[in-house]
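These notes concern the structure reproduced below.
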Amino acid sequence: MRLILVLGDQLSDGLSALREGDRARDVVVMAEVQAEASYVPHHPKKIAFVLAAMRKFAHHLEEQGWRVAFTRLDDPENAGSIPAELLRRAAEFGAQEVIATQPGEWRLIAALEDLPLPVHQFADDRFLASQAEFATWAEGRKQLRMEYFYRDMRRKTGLLMEGDDPAGGRWNFDAENRKPAPGQIAYAGPLKFAPDLVVEEVLTLVADRFVGHFGDLHPFWFATDREQALAHLEHWIAWGLPLFGDFQDAMLHDEQFLYHAVIGLYLNAGLLEPLEVCRAAEAAWRAGDAPLNAVEGFIRQIIGWREYVRGIYFHEGPDYVTRNALGHTRDLPPAFWGAPTRMACIKAVVDQTRTEAYAHHIQRLMVTGNFALLAGIDPGQVHEWYLAVYADAYEWVEAPNVIGMSQFADGGIVASKPYVSSGNYIARMSDHCGSCHYKVKDKTGPGACPFNLLYWHFLDRHRNRFRANPRMGQIYANWDRMDRDKKVLILAEASDWLARMEAGEAV
Ligand code: FAD
Ligand code: DLZ
Ligand code: SF4
């Protein structure tokens, strides 16, 4: 007999390891282990989500006729890690072999390879593009731009295609998806689920075991099985999708979710499938219930960005997370873990991250990510923070977004230029600046918005790298035209602000 490993983010009926297995003779191994729950200090909501969804999926597999050896976190026999649990179960059942679906993290892939047992890691084919397909696409290209990859995925899936042409005559409607924050939100937000008995039991366990982790466990409302996740999707397609495109980039202090789908955690754990989610959105457009800019924008995120970043993660190899092309070394400031800060935008995003284990893309990219990049924070620390605090964070998807897109630490593989902006962008797209200690209009002086100071500090210190970038020429021309005394003042004030942050002041 063989063991079939099912990890906490592999909760899908169609999983390759389950397809390879034989329910008449094999045993499915699922294990809640301290090693996975604490290799970074995951948000308690994320841990509770994964454990509750694992318990329910195990029950579902048993109903399908599988024999499941499930280890709970508080089981006295628990060996503490995935490899150790596999060895313990192999001895218990006399198993000679392990069948697995390749994990979404190099760390676990290597740990499985190192087991003193034959382990067959089958491809994770819950994605549209295999690693081989991505490698073929990437071969010989000077730049790995998502847009071209995305078009291939549209052709491959037929999503939003009219014959050989994109629906509406354009591949990309992003230009229509950048409206600033609206006055009112016409969507009540994601469907919320009251904890059932399984969830309650997990919540008690997590509250007991992970008290020191950043993040609020309660209130807990995530879907924890496929049926609930499908209900959540249906609710969002009906009420959120129609305006998703228009306000995709907007940020509001009191609206954490706006029109976003909040499905990353369900997709990444395997409760929803990417293609079914896209087909549901496409059907809404074909039925006239959602406009093309919203549906195209959403589908691009899933079959474009999500598939592309996974391709990058495996294409670039295990050292990707250690890259630091810009040589940034500052420590992540305590404000990221909830310590007081005077920056209203940072406080808003960190506060909602603590309560919801969620922030939407622009909050991640243009508030916390932008700040970390401008302030020269060590990208390894930034990476660990993002991996810990978001319920949808797994290394294959988080690392290319953080190391690549947000921190430019891969030297420009994912992003053709760094995603940096002064406070103007945040002022335009959000309502944060009105209540801030700093003044977004002030470029220098005691009340100057730190984004304004740090923006020029970043560009100045990385001049040699970015001056020749055609997309940044105009910005450097503006900097070069600026009065010399003003430039000196900006750089001095930025250095002083950074020094105060490093000294632990609540800046
Ligand atoms: P929506 O905005 O409603 O989008 C729908 C779906 O599209 C998402 O659920 C996701 O599956 C997919 N998607 C959108 N953008 C991306 C992207 N850039 N990369 C991959 N998939 C994308 N996404 C994660 O799933 N896990 C992460 O750990 C993660 N870390 C990020 C870190 C940074 C610094 C940045 C800038 C982005 C990160 N993203 C991550 C991408 C994106 O921010 C989230 O997928 C999105 O905010 C999740 O919220 P949502 O489900 O409401 O997404
Ligand atoms: C994220 C997570 C957590 C918190 N706990 C477990 C667990 O106890 N058991 C398990 O099998 N998986 C867990 N996971 C998901 C894994 O960390 C994930 O499979 C790897 O990071 C690979 O993506
Ligand atoms: Fe953020 Fe600057 Fe606006 Fe304050 S003024 S909220 S620091 S962008």
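The values are calculated or read from the model by the stated rules, or taken from the named source; none is laboratory data. Worth saying up front: this structure is predicted, and the values here are computed from it rather than measured. Note: ideal-geometry Cβ built from the backbone for every residue, glycine included; neighbour counts use all protein chains shown. Note: areas computed on protein heavy atoms with side chains; ligands, DNA, RNA excluded. Shrake-Rupley method; radii C 1.70, N 1.55, O 1.52, S 1.80 Å.
Listed values, structure above:
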| quantity | calculated |
| --- | --- |
| 0 to 90° range, to nearest 10: angle between helix 484-502 axis and the chain longest Cα axis | 40 |
| C-alpha center-to-center spacing [the stretch 231-276, the stretch 473-507] in angstrom | 38 |
| Peptide ranges 429-441, 361-373, 14-26 listed from the most packed, as the mean C-beta count within 10 angstrom indicates | 361-373, 429-441, 14-26 |
| Computed E for ALA492/ALA415 - FRET, C-beta separation, R0 30 angstrom, nearest 0.05 | 0.55 |
| Aspartates and glutamates whose Cα lies under 16 Å from that of LYS441, excluding same-chain neighbours fewer than 8 positions away | ASP431, GLU493 |
| Neighbourhood net charge (12 Å Cβ-Cβ; Lys/Arg +1, Asp/Glu -1) for THR101 | -2 |
| Projected label distance in nm at HIS120 and THR355, using a 7 Å step from Cα toward the beta-carbon | 5.0 |
| Cα centroid of the stretch 41-106 to Cα centroid of the stretch 153-212, whole Å | 27 |
| Cα-based shape type of the stretch 3-122, given that a ≥ b ≥ c are square roots of the gyration tensor eigenvalues and the cut on a/c is 1.5 | rounded |
| Accessible area in the full protein assembly, largest first, 1.4 Å probe, for PHE458, PHE214 | PHE214, PHE458 |
| The chain: relative contact order as a whole-number percent, Cα under 8 Å and 6+ apart | 16 |
| Helix-only CD estimate at 222 nm, as mean residue ellipticity for the chain, using -39500 (n - 2.57) per DSSP H run (n ≥ 4) | -13000 deg cm²/dmol |
| All lysines inside 28 Å of LYS156 as judged from Cα atoms, apart from same-chain residues fewer than 8 positions distant | LYS142 |
| Computed over the chain, Kirkwood Rh from alpha-carbon pairs, angstrom | 24.1 |
| Farthest positive-ward along the stretch 3-122 dipole, Cα basis, beta-carbon charges - from SER38, LEU18, ALA95 | SER38 |
| Of LYS56/LYS192; LYS347/LYS487; LYS417/LYS439; LYS46/LYS192, those spanning more than 19 Å from alpha-carbon to alpha-carbon | LYS347/LYS487; LYS417/LYS439 |
| Distance from the stretch 302-361 to the stretch 113-134 (C-alpha centre basis), Å | 26 |
| ALA287 paired with ASP485, simple spin-label distance in nm, labels 7 Å along Cα-to-beta-carbon | 6.6 |
| Potential extension, SER435-VAL211 segment - 0.36 nm per residue separation minus Cα distance | 77.5 nm |
| Net charge, ASN177 excluded, C-beta distance under 12 Å - Lys, Arg +1, Asp, Glu -1 | -2 |
